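These notes concern the structure reproduced below.
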Amino acid sequence: MRNTNTVDVTPTGTIKSGMRRKMKARLSWIPVLAALAILILMLIGGQVHFGSFVTPGMLSSLLVDNAYLVVLAAGMTFVILTGGIDLSVGSVMAFTGMLAAKLLSVGVPVAVVIPLMLVAGALFGTMIGVLVHFFDVQPFIASLAGMFLARGLCFVVSLEAIQVKDPFVLGLESARLGSGDWYITPTGIIALIVIAIAAWVLAYTRFGRTVYAIGGNEQSARLMGLAVARSKILVYVVSGVCAGIAGLIFTSYTAAGYSLNGIGTELDTIAAVVIGGTLLTGGSGYMVGSLIGVFVYGVIKTAITYLGADASWERISIGILLLAFVVVQRFIVARANRN
């Protein structure tokens, strides 16, 4: 009698396993392509309605004005791919911005301030990662604690806005490279570099493969001998460092540090990543999808501005899109399970 519990190692079994992997890979790209299609349709619709919506200036500002969100989305993608969540990124971005503004105002060199911003972000990420892995605290609660702590520290630094006058920090936003109406700023270049490095890490490194494995099945990842503990903590460290970089970009963008900066930004970041096709349950998603998700968010904001409508419609539109993409994700998961 044939033992049904044995693994099929015949050529037929190998072919079936390969077909399943290919099917899963194709399904994982569906949300990304859907987000890209929505982005293109929105640009076409805006051009038809307004007549001068898709212009070089508008497309250039789409990256520059949302550069901080691109960086936050890069870090959040790592966290969500493991099945976690990080609600602290907006507050950490605000705190690192406040810290930088305060240190610069008392004469600390910018060469010292910027590394301190990244270290501060990494420390918040390490704290959350340790709580999640070693103390078995739910990511929602651990990152919520980080959010309150970072926001409270903002008020400790200063209750008032602190103006930034350092020429290097301001130059990251004011310096424009390009020709004609096309332009990019150093903040936009930083955002693209961060997203490119993050995409490379996910696609070509052992750490990236471990991140996907943890999101797919953490227990299986442990049995395969992968560094689950280190990787789970490291994804939150990456998110914290990205929040520190975003703090630098946002401080350059606003020319000031303010304790109320970044309120709700963590939700915008999560929405952009999910709209870009990363599964909230983890294990599936691409960095390019998160970039597209940020652009979708940016186009919605621009369209609302063109319409002169109330800002609440921005939230309504994002909410509708987010709901639609969660439904699409559930369909993909159900399809993959059937296959």
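Annotations
- Prolate/oblate/rounded call for region 58-159, Cα gyration tensor, a/c under 1.5 rounded: oblate
- Within the shell defined by Cβ-Cβ distances under 15 Å, the residues around Ala145 carry a net charge of -2, with Lys and Arg each +1 and Asp and Glu each -1.
- Student exercise, region 222-339 dipole from Lys, Arg, Asp, Glu Cβ charges, in Debye to nearest 20: 600
- Cα gyration tensor shape of region 193-339, rounded if a/c is under 1.5, else prolate or oblate by comparing a/b with b/c: oblate
- Net length gained if the chain between Ala161 and Leu116 were fully extended (0.36 nm per residue, minus Cα distance): 14.2 nm
- Exposure proxy shown here: for Arg315, Arg230, the number of other Cβ atoms within 10 Å sets the order, fewest to most, as Arg230, Arg315.
- Residue list for region 236-270, given a label point 7 angstrom along the Cα-to-Cβ vector of Phe140 and an amide N cut-off under 16 Å: 267, 270
- Going from the fewest other Cβ atoms within 10 Å to the most, the residues Glu218, Glu173 appear in the order Glu218, Glu173.
- For region 54-262, the residue among Ser88, Leu223, Tyr212 whose Cα projects farthest onto the positive side of the dipole built from Cβ charges is Leu223.
- With the simple spin-label model, which puts each label point 7 Å out from Cα in the Cβ direction, the Phe148 to Leu41 separation comes to 4.1 nm.
- Cβ-placed point charges (K, R +1; D, E -1), dipole of the chain about Cα centre in debye, nearest 20: 1500
- The trypsin sites (Lys or Arg not before Pro) found in region 167-222 that occupy coil by DSSP, while having at most 15 further C-beta atoms within 10 Å, are Arg176.
- Residue exposure sequence - Asp86, Asp166 - by fewest surrounding Cβ within 10 Å: Asp166, Asp86
- Computed over the Cα atoms of region 54-262, the ratio of the radius of gyration to the Kirkwood radius (Rg/Rh) comes to 1.01.
- DSSP-loop chymotrypsin sites (Phe, Trp or Tyr not before Pro) across region 69-142, with at most 13 other Cβ within 10 angstrom: Phe134, Phe135
- Once the Cα gyration tensor of region 176-273 is diagonalised, semi-axes √(5λ) in Å: 33, 18, 11
- Relative contact order (%) - the chain, alpha-carbon pairs under 8 angstrom, separation at least six: 33
No value in this document is a laboratory result; all are computed from the given coordinates. Small disclaimer: the values here were computed from a predicted structure and weren't measured. Cβ sites come from the backbone with ideal geometry, for glycine too, and all protein chains shown count toward neighbours.
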